[in-house]
Amino acid sequence: MGSCRCSSAWQRVRRGLAAGPVVLQSGPAALLHPSPSLTPYRPPAAAPAPAPASPSSRHLFSDPAETEALRRDLLAWYDRCKRDLPWRTRAATEPSADRRAYAVWVSEVMLQQTQVATVIDYYNRWMQKWPTLQALAQASLEEVNELWAGLGYYSRGKRLQEAARKVVSELAGQMPRTAEDLQKLLPGVGRYTAAAIASISYGQATGVVDGNVIRVLCRLRCIGADSSSPAVIDRLWDMANALVDRSRPGDFNQALMELGATVCVPKAPLCGECPVKQHCRARLRASTTPESGLKGLPCVGQGGLVDEPALIPVPSLQVEKELASASQKLLGKATPVPDVEDCGAGGCPLCPPAAEPWDSSLGVTNFPRKAAKKQPRAARAATCVLERRGCHRAPEYLIVQRPSSGLLAGLWEFPSLPLPQDLQEEKQREALAEHLQAWIGQPVVAAELQLIGEVVHIFSHIHQTYVVYSLSLDGDVTLDAASPPSRWVTEEEFHVSAVSTAMKKVLKACEKQQEKRSNPGQGSKRKRGAKAQGTGSTGPGTQLSLRAFLQPPTAP
Ligand code: SF4
Ligand SMILES: [Zn+2]
């Protein structure tokens with residue numbers, strides 16, 4: 001770009017001075033100077049919708065010298081500071097392109113919605129068990145779900161395996177070699193994952209856009225428009241593609257994501273340590289002091305942004321603030337003050353909306369901005385930890401498999417059933433008892449279900465409350481062969497089964513409650529064997545009368 005932005009900034013200030021009063025006089029602030037006839041305010045007739053505006057250069061990387069400098073600074077930092085992660089080691093050392101792509105693919109899928117620290121162990125176990133696409137293609141869905149258990153968003157593992165099978169059966173085991181083909185040919189591979197695999201594994205010069213990149217780019221270029229809108233996301237992809245380093249695209253993309261994950265973090269970014277701070281327009285913006293009556297505006301020099309803002313007087317700010325304050329007093333609500341740092345009132349597709357201007361108390365965290373998230377839907381379910389004595393009197397729990405589609409597809413859980421909101425406890429018990437009866441093929445007495453409490457788990461879009469009950473059975477219980485898959489598992493087996501984190505929380509709540517009941521006033525863990533001896537059981541595996549095995553557990 002090479003031209004000084006001070007002069008254009010001055011022009012914007014002058015435009016603001018000229019445009020500001022016009023806006024206020026044609027709107028509510030006209031009440032500051034009401035005409036003698038008190039003609040009511042009428043909004044102007046709607047103008048034809050303007051053509052979509054192009055973003056100004058302040059939101060772009062249009063100076064090649066600055067882009068080069070940014071790439072250089074970011075890559076140098078990445079080389080010095082990058083975290084040592086198993087998928088990075090594989091991507092750097094694996095000679096086979098297919099294996100490299102597979103290793104990156106697995107990591108990218110696991111990292112969607114999940115923290116790096118959590119993923120590492122899952123990734124290592126996965127790659128040890130299925131080091132190649134071919135190995136994964138031969139695994140059963142049950143094995144995949146078991147390994148994925150606890151990682152959340154379970155459909156990811158299933159889709160990864162389906163896609164691996166497709167590569168093996170339809171593409172002769174060879175991974176597609178471009179981002180476009182990866183996205184087109186592999187089910188479940190979206191634009192981000194395809195670009196990440198292609199840039200990291202094959203060196204294709206394509207950018208990536210994920211949550212971390214969105215944050216960094218929005219801050220680097222003061223993008224305050226809703227960053228979840230498709231139009232803004234498209235612009236960010238254009239920017240990422242323009243910015244990516246041509247000779248080291250994979251490292252560059254990882255560096256941008258690493259910066260977002262470790263330095264340019266959502267709430268308290270470490271701007272002082274940031275390797276690209278001299279290219280960051282949000283930082284520059286935050287370092288200006290409008291309260292002083294002076295406002296800094298950035299200049300772009302030959303070598304990029306000059307880090308010290310040029311200070312120029314901005315008399316319009318004071319005038320506008322006073323007008324807005326008077327208007328607020330009269331009308332009882334705030335009138336947004338047009339921000340002279342933005343590209344122009346309402347015309348820029350990437351500036352913050354006029355109604356939500358820059359908030360100086362937020363600094364760089366003014367960016368990015370998102371439309372308010374939809375509240376998760378509230379749902380309730382009753383669930384029962386049904387326990388019996390198995391081999392050597394060890395407790396076993398009944399788990400049942402969920403349907404193969406929908407939420408938590410194919411995972412195992414304690415028998416559960418959805419509850420209407422506000423259903424009385426008595427009715428809950430009755431419904432749950434009936435549900436359990438269908439699983440075990442024997443009548444269950446509702447009054448014998450012990451209420452443990454409530455466990456809340458937030459799925460991506462559901463605020464799920466489990467009302468937890470428990471019931472201890474003595475003796476062997478024959479499961480109804482006609483029921484969908486169900487099985488008895490020991491505690492160890494439960495934890496390595498494909499069960500959700502929510503179900504692990506349910507078991508924990510149940511165990512805690514039982515500990516309390518067994519040892520009131522003592523923190524030690526209940527001895528399950530000891531409790532079982534007092535229940536009148538005749539020994540493991542013995543088929544008892546229904547009355548005997550539905551006998552409630554020993555009272556505390
Ligand atoms: S200077 Fe601050 S806001 Fe800008 S990119 Fe760096 S960490 Fe993010
Ligand atoms: Zn703008």
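The values are calculated or read from the model by the stated rules, or taken from the named source; none is laboratory data. Please read these numbers as outputs of a predicted model, since none were measured by experiment. Here Cβ is always computed from backbone atoms with ideal geometry, including for glycine, and neighbour counts include all displayed protein chains.
Conditions (1) modelled with pLDDT of 85 or more; (2) closer than 12 Å to L398 by Cβ; (3) in the same structural domain as C384 (by TED's automatic domain parsing), marked per residue:
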{"site": "V445", "(1), (2), (3)": "yes, no, yes"}
{"site": "I458", "(1), (2), (3)": "yes, no, yes"}
{"site": "Y466", "(1), (2), (3)": "yes, no, yes"}
{"site": "S472", "(1), (2), (3)": "yes, yes, yes"}
{"site": "D476", "(1), (2), (3)": "no, no, yes"}
{"site": "D480", "(1), (2), (3)": "no, yes, yes"}
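Out of all the residues in the range 435-445, which are out of contact with any Cys (no Cβ under 9 Å at 6 or more places or on another chain), surrounded by fewer than 18 Cβ atoms within 10 Å (Cβ to Cβ) and in contact (Cβ under 8 Å) with a residue 12 or more places away in the chain?
A438, G441, Q442, P443, V445
Within the range 103-122, how many residues are of a type in the set (S, T, Y) and within 12 Å of I200 (Cβ to Cβ)? Step through it out loud before you land on a result.
We begin by selecting, within the range 103-122, every residue of a type in the set (S, T, Y); these are 107, 114, 118, 122.
Restricting the remaining residues to those that are within 12 Å of I200 (Cβ to Cβ) gives 107.
Number satisfying all stated conditions: 1.
When the residues of the range 273-295 are filtered to those that are more than 14 Å from ligand 1 (Cβ to nearest atom) and assigned to a helix (DSSP H, G or I), which remaining residue is modelled with the highest pLDDT?
Restricting to residues being more than 14 Å from ligand 1 (Cβ to nearest atom) and assigned to a helix (DSSP H, G or I), the top hit is P290.
Within the range 97-110, identify whether any single residue is in contact (Cβ under 8 Å) with a residue 40 or more places away in the chain and part of a loop (DSSP other than H, G, I, E, B), and answer yes or no.
no
Quick one: what pairs do we get from the range 405-430, first residue at positive phi, second buried (at least 20 other Cβ atoms within 10 Å of the Cβ) and of a type in the set (F, W, Y), C-beta under 7 Å, 6+ apart or different chains?
Final answer for the pair search is L408/Y154.
So how many residues does the range 209-258 have that are surrounded by fewer than 21 Cβ atoms within 10 Å (Cβ to Cβ) and basic (K, R)?
The qualifying residues number 2.
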